[in-house]
Amino acid sequence: MLDEILPNHPLDYFLQTGAALHVAADGQMVCAESGRCPGAQVLLPGSFNPIHRGHWELREVAESLLGQPVAFELSVANVEKPKLTRDEICRRLAQFNWQASVWLTHAPKFIDKAERFPGATFVVGADTALRILAPRYYGGDEALMLAALERLGSLHCRFLVACREDDRKQCLRCGDLPIPPAFRALFEEISPERFRWDLSSSELRALGHGI
Amino acid sequence: MESSNGKKPISDPKPAAPKADTLARQLKDSLAKRRPRPWLPVLAILTGSVLILVFLAYWYYPRPPLTPLQIMALDVVGTTDEVPQVRAQLLTPLEEKTPRPLNGFGIIFHRPLTQKANDKPIEIVTKSDARGQAAADWPKPSTATADFSVNHVDPANRHVDSDLGRIFIWPKDAPILIVDAAETLGAEEVDEQASATLRRAAKEDWHIVYVALGSEQPQEFRAARIWIARNQAKLPIGPVLGRPHIAEEESAAQARRAILQSLKERFQGPMVAVVKNEVSAQISKDAGVRTIMIGAGAAPAGVTQAPTWSDVVVRVE
């Protein structure tokens, strides 16, 4: 009976349940059941469409700064876009084969990621950090944004923020972010001397570049 | 005996005391003979009932589920004349000290998720043996290197996991360079000299085989394999071979002999092994493989000594 219910592949099991799927660098896939993934992880979230040199370099810098391995995190659900299809997930995962480990999640927001990975350090660009701090991503409600930051802090999560170029071609740094004073400790900067990458995956797609 | 008014009493006269005593004794003896002493069977029944209750409690007590086993795909090296046989091994969790049965688990070999759209799907369903291993013949890939995937389905634990392995198909006369990864490539970072030598050898058409026998724990073998994979910019691609029978107690020396013998039997081209200790050097040499030993230790007779990787010259002799 259970044989009929249980899918044969961990990816299908992941898609059927709210589990998270860990894909190791050597391709081993293990589903973590619903709930929390133990251990303080360092995660570099992204859509990886495609993965580019900036991602690889950022991972390397974060690994050397934190002294622990960094895994990529790809959420199949997205706040602003439709859910990824199975084929699309496979295509994106293939980019990491034999190179890096990836967590596949159903966690589009950082608060969801934090609930899944308490104690995690998220390696993000300053543009992403800006979105975490923007009330418009919380329905325009600043109180909700503050509550989310409070929750992130209580889950012992933090952000390692890399400098990114903004619309005015200026390097957006951690110090430029409107971080409420009570939550400054959640954000730590990677200095622009250590890392700076100004092209995103979407810009690379627009330029017609691949990996 | 008469009463004071001269009439006889209504009741029978009381028998004489000695007769009553005799009767009482007879009755007591008779009862003792007829009724067996009950405490023995009662005790036996009580003990039996308690044992049954204990057994039932043990049987129905909800035990914590066993940590699911994990599957590991093993790299395959074959010649162009052979039908490749893909293999996989079930691993017990590292913290588990008591062995558990590994046979009978559903193992499914199939093309990886990242297969090309025009590739015919393959799915081979098999079961693990007592060693937790499963193997299946695999269609010969059209390229020299191909990935395969293996799944392990454990319905009792509601667990499914999978792993990727690689198939390397080389010509029978391919020159092969066997590198002891655990001994020679460095602990944290790849030895730059090793990287340069190996990349040069790969350019000269040597086919690299990495051997990782340093640990008895399969999880550590996996870590070595991941380390090699993550350093693929510095290390040429090649199969990573570990102990053939992970679930059993097999020494590194036995495993090295088995791997070398298997390669020698199947490939007829030049073969060179690079190792770092004398025992490994002796085994490689005894297996008929030209052996280079890195480091300052005394190399056995017939083994070439190289102080560092940059002194290693891989050539056909």
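The values are calculated or read from the model by the stated rules, or taken from the named source; none is laboratory data. Bear in mind that the values here come from a model prediction, so they are computed numbers and not experimental data. As a convention, Cβ positions derive from the backbone with ideal geometry for all residues, glycine included, and neighbour counts pool all protein chains shown.
Numbers at a glance
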read-out	value
Number of positions in region B:204-221 that are among the hydrophobic types (A, V, I, L, M, F, W, C) and not in a loop (DSSP other than H, G, I, E, B)	4
Enumeration of residues in region A:102-117 that are assigned to a loop (DSSP other than H, G, I, E, B) and crowded, with 18+ Cβ neighbours inside 10 Å	A:H106, A:A107, A:F117
Answer from B:L235, B:L198 - the residue that is in a helix (DSSP H, G or I) and at pLDDT 85 or above	B:L198
Residue match in region B:141-152 (condition: crowded, with 21+ Cβ neighbours inside 10 Å and more than 11 Å from chain A (Cβ to nearest Cβ))	yes
Complete set of residues in region A:92-148 that are among the hydroxyl-bearing types (S, T, Y) and either within 14 Å of chain B (Cβ to nearest Cβ) or under 30 Å from B:D163 (Cα atoms) (or both)	A:S101, A:T105, A:T121
Some residue of region A:38-53 being free of Cβ contacts under 8 Å to residues at least 40 places away in the same chain and not assigned by TED's automatic domain parsing to the domain that holds A:R173	yes
Candidate set from region B:103-129 (those that are more than 14 Å from every other protein chain (Cβ to nearest Cβ) and modelled with pLDDT of 90 or more); member that is farthest from B:V76 (Cα to Cα)	B:N103
Checking B:W138 against (1) hydrophobic (A, V, I, L, M, F, W, C); (2) in contact (Cβ under 8 Å) with a residue 24 or more places away in the chain; (3) over 25 Å from A:N97 (Cβ atoms), the condition it does not meet	(3)
Residue satisfying all of: in region B:42-70; under 30 Å from B:S162 (Cα atoms) and of a type in the set (S, T, N, Q); farthest from the other protein chains (Cβ to nearest Cβ) among these	B:T67
Among residues of region B:153-189, those that are outside any helix (DSSP H, G or I) and either away from chain A (no Cβ under 14 Å) or modelled with pLDDT of 90 or more (or both), counted	22
